Amino acid sequence: MSERPLKITILGSGGWGLALACTSSRLGHEVTVWSAFSDEIEAIKRTGELKAKLPGVMIPRSVKLTTDISCVSGADIVMIGIPSPYVRSVCEQAKPYMDKTSVLLSTAKGLEDVTLKRMSEIIGEVYPENRIVVMSGPSHAEELGRDIPTAVAVASSDISAAEFVQKAFSDNVLRLYVNSDVIGCEIGGAVKNVIALCCGVLDGLGLGDNSKAALITRGLSEITRLGVALGGKRETFSGLAGLGDLVVTCTSLHSRNYRAGMLIGQGVEPEEAVRRTGTVEGYGCARVTRKLAKKLGVEMPITEELNEILFEGQPVRQGINDLMSRPIGME
Ligand SMILES: NC(=O)c1ccc[n+]([C@@H]2O[C@H](COP(=O)([O-])OP(=O)(O)OC[C@H]3O[C@@H](n4cnc5c(N)ncnc54)[C@H](O)[C@@H]3O)[C@@H](O)[C@H]2O)c1
């Protein structure tokens, strides 16, 4: 839907970077995917796919693959598809080559440890002159990669930048909705991983649908409280980046957060569950969210209880019991 083919550089050859590489290539853009890891790039060149991250999805031959980060130079859009703990370091690495005119598209869902910052804040610190857009919403790479209809939000304080990204990536498989609430979209995307971990714990314990629906609903309440306290808009949390992303993550085996939670519910030690699962952004995010909530005086009982389970040796059954024994009150 863009008026001309764009030069799009994707940082990160994980599931999400590759799924969006397929989308943008299908739309006729000139696409380059960068990875810090030559084994990822070599595997795609050799087999046409990255089995470890996105099995069964063939990466179009037109997509250029590189480990040379100077590939960001001259891009219309640079998409950051790196797990949140590494976003700052990768952005700093790319800095000598980045043009001020490139629109930076953040897709990472998390909060930075120590600074408690959102991803767009980090990117804005490294690139104060670039326009930044955040993409968030219910989107499993495994599904978008197989052309399953998907809808996400793209948020920016500069609506024209969000519209530019909307036009660049929209087709009849991926549908993008523009949103002006960057804070709400980022908090929804980051903190849903915390609630999804908790949902996995419930399912690992073998509890039922009633418990899960209660957790998702009360989880949404506490995400909303935090987001609003930070300056996000309440209505964002009933949209794609709020309820949408929360539901998809809390109910799917595609989610590594949910899967790690299941292992914990089945009795695996939290650290070991994360080691077995791979990238589990909700693990670190649980700790950061708790700090943020304390700083702002926001009540987040589910996040609090999950922290006790993950980091303080609280038995999972005790955690559920604590949540069910809280003082009763108004919804
Ligand atoms: N997978 C999804 O379905 C999905 C959907 C929407 C958003 N996201 C978000 O997109 C981001 C990436 O997700 P993913 O599933 O592709 O992650 P992933 O774990 O598959 O990793 C993505 C890539 O990041 C790069 N990377 C990892 N560690 C790095 C490091 N230390 N230094 C430099 N590069 C490094 C590697 O190329 C890796 O393949 C996450 O923040 C995630 O929340 C993922």
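Any read-out appearing in this document is the output of simple, stated calculations on the displayed coordinates, not a laboratory observation. Keep in mind the model is a prediction, meaning the values are calculated, not measured. Please note: Cβ atoms are built from the backbone with ideal geometry, for glycine as well, and neighbour counts cover all protein chains shown.
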Nearest-ten-degree value, helix 281-296 long axis tilted from longest Cα axis of the chain: 70 degrees
0 to 90° range, to nearest 10: angle between helix 159-169 axis and the chain longest Cα axis: 70 degrees
Order of 113, 68, 245 - criterion: other Cβ atoms within 10 Å of each residue's Cβ, fewest first: 68, 113, 245
Too-long pairs where the Cα-Cα distance tops 24 Å, listed order kept, from 53/212; 53/291; 7/100; 51/192; 51/167: 53/212; 53/291; 51/192; 51/167
Rg and Dmax [Cα atoms of the chain; Å; Rg one decimal, Dmax integer]: 19.3, 59
Disulfide-incompatible cysteines by the Cβ rule (no partner under 4.7 Å) in the chain: 22, 71, 91, 185, 198, 285
Ranked 197, 323, criterion: other C-beta atoms within 10 Å, fewest first: 323, 197
Gyration tensor (alpha-carbon) shape descriptor, the range 140-211, a/c threshold 1.5: oblate
Neighbour-count ranking [beta-carbon atoms within 10 angstrom, fewest first] of 26, 256, 290: 26, 290, 256
The chain: relative contact order as a whole-number percent, Cα under 8 Å and 6+ apart: 14 percent
